[in-house]
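Report on one structure; see the data block that follows.
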Amino acid sequence: MNRINLLTLGVDDMAASLHFYRDGLGFETSVKEDNPGIVFFKNGGTRLALYPLDELAKDIDAADPPQKSGFSGITIAFNAKSEEEVDAVMDQARKAGGTVLKEPERVFWGGYSGYFADPDGFVWEVAFGPDWQFDGQDMLVID
């Protein structure tokens, strides 16, 4: 089980989240409507899905659905190819309605990164490393 195929985000407002990811950040999907039951984005490699939070919680345990509370300890990452790309993505997220949690800055490991939260509070890191390499599908090469 050494792969992740799909990350599903349980969202409170499907229309707002779809607008943020599709229209604001440019994530690709075949979904044309504004308030679908589920959305799958066509990312390189792993897919990203949006699904109503209350339905996702009931799917996990209908009798006692889990409750969302605070920072989950998980971040999603976008690995940039330059510091300028980090700044551009952070600006794009801000303009789309995201909340910048940490402005991009040089960090202890030698890179440049910042954090933003989407409308549901899911935290994204946008980072650049000077020694990073990418494969033909723009996936970070990690050995």
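The values are calculated or read from the model by the stated rules, or taken from the named source; none is laboratory data. Quick caveat, the model's predicted, so the values are computed rather than measured. Cβ atoms come from the backbone with ideal geometry, glycine included; neighbour counts cover every protein chain shown. Only protein heavy atoms, including side chains, enter the accessible area calculation; ligands, DNA and RNA are left aside. Shrake-Rupley method; radii C 1.70, N 1.55, O 1.52, S 1.80 Å.
I'm trying to understand the selection: among the residues of the stretch 127-140, which are under 27 Å from Leu50 (Cβ atoms) and open to solvent by 20 Å² or more (accessible area, probe 1.4 Å)? Quick ask: steps written out before the conclusion?
Taking the stretch 127-140 as the starting set, the residues that turn out to be under 27 Å from Leu50 (Cβ atoms) are 127-128, 134-135, 137-140.
If the condition is that a residue be under 27 Å from Leu50 (Cβ atoms) and open to solvent by 20 Å² or more (accessible area, probe 1.4 Å), then Phe128, Phe134, Asp135, Gln137, Asp138, Met139, Leu140 are the ones that fit.
Checking the conditions here, which among Pro66, Pro36 is under 21 Å from Ala16 (Cβ atoms) and either open to solvent by 70 Å² or more (accessible area, probe 1.4 Å) or free of Cβ contacts under 8 Å to residues at least 60 places away in the same chain (or both)? Before you say what the answer is, go through the steps one by one.
Values: Pro66 fails: under 21 Å from Ala16 (Cβ atoms).
Exactly one of Pro66, Pro36 is under 21 Å from Ala16 (Cβ atoms) and either open to solvent by 70 Å² or more (accessible area, probe 1.4 Å) or free of Cβ contacts under 8 Å to residues at least 60 places away in the same chain (or both), namely Pro36.
Since Val123 meets every condition but one in (1) out of contact with any Phe, Trp or Tyr (no Cβ under 8 Å at 6 or more places or on another chain); (2) modelled with pLDDT of 95 or more, which condition does it not meet?
Checking Val123 against (1) out of contact with any Phe, Trp or Tyr (no Cβ under 8 Å at 6 or more places or on another chain); (2) modelled with pLDDT of 95 or more, the one that fails is (1).
If you scan the stretch 34-52, which residues turn out to be closer than 16 Å to Val89 by Cβ and under 12 Å from the mean Cα position of the chain (by Cα)? Walk me through how you get there before you give the answer.
Filtering the stretch 34-52 for residues closer than 16 Å to Val89 by Cβ gives 41, 43-44, 48.
Within the stretch 34-52, Phe41, Asn43, Leu48 qualify.
For (1) open to solvent by 90 Å² or more (accessible area, probe 1.4 Å); (2) in contact (Cβ under 8 Å) with a residue 40 or more places away in the chain, each residue gets a yes or a no:
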{"position": "Asp61", "(1), (2)": "no, no"}
{"position": "Asn79", "(1), (2)": "no, yes"}
{"position": "Lys95", "(1), (2)": "yes, yes"}
{"position": "Glu103", "(1), (2)": "yes, no"}
{"position": "Pro119", "(1), (2)": "no, yes"}
{"position": "Glu125", "(1), (2)": "no, yes"}
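Which of the residues spanning the stretch 81-93 are surrounded by 13 or more Cβ atoms within 10 Å (Cβ to Cβ) and touching a residue at least 24 places away in the same chain (Cβ under 8 Å)?
Of everything in the stretch 81-93, those that are surrounded by 13 or more Cβ atoms within 10 Å (Cβ to Cβ) and touching a residue at least 24 places away in the same chain (Cβ under 8 Å) turn out to be Lys81, Glu83, Glu85, Val86, Val89, Met90, Gln92, Ala93.
For the stretch 17-33, what are the residues that are open to solvent by 40 Å² or more (accessible area, probe 1.4 Å) and more than 18 Å from Met90 (Cα to Cα)?
Within the stretch 17-33, the first condition is being open to solvent by 40 Å² or more (accessible area, probe 1.4 Å), and the residues that meet it are 19, 22-23, 26-28, 30, 32-33.
Glu28, Ser30, Lys32, Glu33 - these are the residues of the stretch 17-33 that are open to solvent by 40 Å² or more (accessible area, probe 1.4 Å) and more than 18 Å from Met90 (Cα to Cα).
If I ask for residues that are of a type in the set (S, T, N, Q) and in contact with a helix residue (DSSP H, G or I) (Cβ under 8 Å, 6 or more places away or on another chain), which ones from the stretch 101-143 would you list? Steps first, answer last, please.
To start, the set of residues in the stretch 101-143 that are of a type in the set (S, T, N, Q) comprises 113, 133, 137.
Matches in the stretch 101-143: Ser113 only.
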